[in-house]
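Below: the structure, in structure tokens.
The values are calculated or read from the model by the stated rules, or taken from the named source; none is laboratory data. Everything numeric in this text was worked out from a predicted model, so none of it was measured. Cβ sites come from the backbone with ideal geometry, for glycine too, and all protein chains shown count toward neighbours. Quick note on the areas: whole protein, heavy atoms, side chains included, nothing else; ligands and nucleic acids left out. Shrake-Rupley method; radii C 1.70, N 1.55, O 1.52, S 1.80 Å.
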Amino acid sequence: MTTAQHRDRILAAVDAAFDQQIAFTRELISCPSTRAREAGIQDLMYRALESRGLEMDRWELDSAELRNHPGYGPSTVTYDGMDNVVGTYRPAADRGRSLILNGHVDVVPTGPEETWSRGPWDAAVIDGWLYGRGSGDMKAGVAANLFALDAIRAAGLDPTAPIHVQSVPEEECTGNGSLAALLRGYSADAVVIPEPEENMLVRANVGVLWFKVRVSGRPTHPREMGEGFNAIDAAYTVMGELRQLEDRWNSEKSSHPYFGDLDHPINFNFGGIRGGDWPSSVPAWCDIDVRAAIYPGVSADEAWEQVQECLHATRLPLTAERTGFYAEGYVLEEGSDAEETLAAAHRHSFGSDLQSFTTPGYLDGRVFTLYGGIPSLVYGPVSEAIHGFDERVELESVRKVTKTIALFIADWCGVEDR
Ligand SMILES: [Zn+2]
């Protein structure tokens, strides 16, 4: 157990460096690290970790190696120049429990930038909120990991177990960044992932599949439109059938622990649609990009089979291919030491009990739990509009979450006076 005196020193150290932490988070947000453009932010992360004296590791994601793993999500982009960065703290004496502090640096597209109140990469602080794409999801968390570890050392303490600080890409589309870190050999007794979770702990979350459906048409001149077959019209039928599968899966929610109380846990999102060549030809093709959710315990293979059956039942000329996430969901089993330690740290930081909840979104936690047997604590700050316009994260929440993580490190890994 961390002593009360150590605790006070750690909490004070988080406060003392919080302006710096905000400044660093703003630097992260000002890197437009959308998919396949993470090199700049990984340079920044490498320098930040290295300057703290951590043992550094940086390597390119390897599709050939990842492809053989059941948790791999097929990638539609090349991994040339796409790196993971890990900084490891090695204790002089190793007698505690080891830890991974994980965060992703990739962010989702901005959408039309003119609809934002200010530039998505401006990282403005207004009335206690920090704005920008990736502010909540999850650059505030990435910085919180780093500054939580700083606070321990600024308090004159050294952790007594190894800590791996991981900065990964690909969380928003495949999960292959964290998977690559696992395959690299990184393991620990627990992992903390400070995703924007409203100051709560994720108890369960869905798995996700990405796929593309291509509907084929028969192009004709519109004067003989009746002899053609319109792929765009047919795409509506496909989407209608997928909505029915979504309804069926939602109707089964009560047989999945932690999902029965959710209104609509399974969401199929039609995230993109493209088709046809121009107005005066009956369209020969239409592509639909789909994100579908699945319950924990349902394998990606099983779900994919049901999706394909649903598509074939339309009897339309179509093909379907996997284009990203092929990921199962996970449940954090109740009563783990890791959870109890986090709950105690949260109580000291927030002065209230730690709540847990189920989220219908994807999280990299599944990589560590399903394939590494590592309890995943996904826990992080209050945010708004992640994946939307004017994304923002609440700074007081970030401060308290950072304190929780710092106290968790101290208790979980153990600390000694330097
Ligand atoms: Zn995220």
Exercise for the section: Determine which single condition N68 fails, assuming it passes every other condition in (1) touching a residue at least 12 places away in the same chain (Cβ under 8 Å); (2) assigned to a loop (DSSP other than H, G, I, E, B); (3) out of contact with any Ser or Thr (no Cβ under 7 Å at 6 or more places or on another chain). Expected result: (1)
Exercise for the section: Residues that are basic (K, R): find the strands (runs of 3 or more DSSP E) completely inside segment 169-277 holding 2 or more of those. Expected result: 207-216
Problem - The one condition in (1) away from the ligand (no atom under 16 Å from the Cβ); (2) among the β-branched types (V, I, T); (3) open to solvent by 10 Å² or more (accessible area, probe 1.4 Å); (4) in contact (Cβ under 8 Å) with a residue 12 or more places away in the chain that I152 fails to fulfil - result: (3)
Completion exercise
Note: among R315, R274, R248, R243, just one is basic (K, R) and within 25 Å of R366 (Cα to Cα), namely R248
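Tell me which residues, restricted to segment 97-141, are open to solvent by less than 10 Å² (accessible area, probe 1.4 Å), within 15 Å of the ligand (Cβ to nearest atom) and not in a loop (DSSP other than H, G, I, E, B).
Applying the first criterion (open to solvent by less than 10 Å² (accessible area, probe 1.4 Å)) to segment 97-141 yields 99-107, 120, 123, 130, 132-136, 138-141.
Filter again for within 15 Å of the ligand (Cβ to nearest atom), leaving 101-107, 132-136, 138-141.
Residues satisfying the conditions are L101, N102, G103, H104, V107, S135, G136, M138, K139, A140, G141.
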Exercise for the section: Please enumerate the residues belonging to segment 32-66 that are closer than 17 Å to H104 by Cα, of a type in the set (S, T, Y) and open to solvent by 50 Å² or more (accessible area, probe 1.4 Å). Expected result: Y46
Exercise for the section: Examine segment 347-369 for a residue that is in contact with a strand residue (DSSP E or B) (Cβ under 7 Å, 6 or more places away or on another chain), within 16 Å of the ligand (Cβ to nearest atom), of a type in the set (V, I, T) and touching a residue at least 40 places away in the same chain (Cβ under 8 Å), and state whether such a residue exists. Expected result: yes
Exercise for the section: Output the number of the condition that G297 fails; it satisfies all remaining conditions of (1) assigned to a loop (DSSP other than H, G, I, E, B); (2) within 25 Å of the chain's Cα centre (by Cα); (3) in contact (Cβ under 8 Å) with a residue 60 or more places away in the chain. Expected result: (3)
Practice task
Could you tell me whether segment 1-15 includes any residue that is assigned by TED's automatic domain parsing to the domain that holds V125, without any contact (Cβ under 8 Å) to a residue 12 or more places away in the chain, closer than 21 Å to Y131 by Cα and assigned to a helix (DSSP H, G or I)?
Solution key: no
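Sort through T369, T323, T319 and tell me the only one that's open to solvent by 30 Å² or more (accessible area, probe 1.4 Å), in the same structural domain as G260 (by TED's automatic domain parsing) and out of contact with any helix residue (DSSP H, G or I) (no Cβ under 8 Å at 6 or more places or on another chain).
Among T369, T323, T319, only T319 is open to solvent by 30 Å² or more (accessible area, probe 1.4 Å), in the same structural domain as G260 (by TED's automatic domain parsing) and out of contact with any helix residue (DSSP H, G or I) (no Cβ under 8 Å at 6 or more places or on another chain).
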Exercise for the section: Give the residues of segment 158-179 that are over 17 Å from L49 (Cβ atoms) and either outside the structural domain of F350 (by TED's automatic domain parsing) or crowded, with 23+ Cβ neighbours inside 10 Å (or both), sorted by residue number. Expected result: E170, E171, C173, T174, G175, N176, L179
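Residue-by-condition table, conditions (1) within 16 Å of the ligand (Cβ to nearest atom); (2) open to solvent by 20 Å² or more (accessible area, probe 1.4 Å); (3) touching a residue at least 60 places away in the same chain (Cβ under 8 Å); (4) of a type in the set (A, V, I, L, M, F, W, C):
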{"position": "E305", "(1), (2), (3), (4)": "no, yes, no, no"}
{"position": "E309", "(1), (2), (3), (4)": "no, yes, no, no"}
{"position": "S376", "(1), (2), (3), (4)": "yes, no, yes, no"}
{"position": "T402", "(1), (2), (3), (4)": "no, no, yes, no"}
{"position": "L407", "(1), (2), (3), (4)": "no, no, yes, yes"}
{"position": "C413", "(1), (2), (3), (4)": "no, no, yes, yes"}
Practice task
Report, by residue number, each residue of segment 180-225 that is among the aliphatic types (A, V, I, L, M), open to solvent by less than 10 Å² (accessible area, probe 1.4 Å) and within 16 Å of the ligand (Cβ to nearest atom).
Solution key: A181, V191, V192, I193, L201, V202, V206, V208
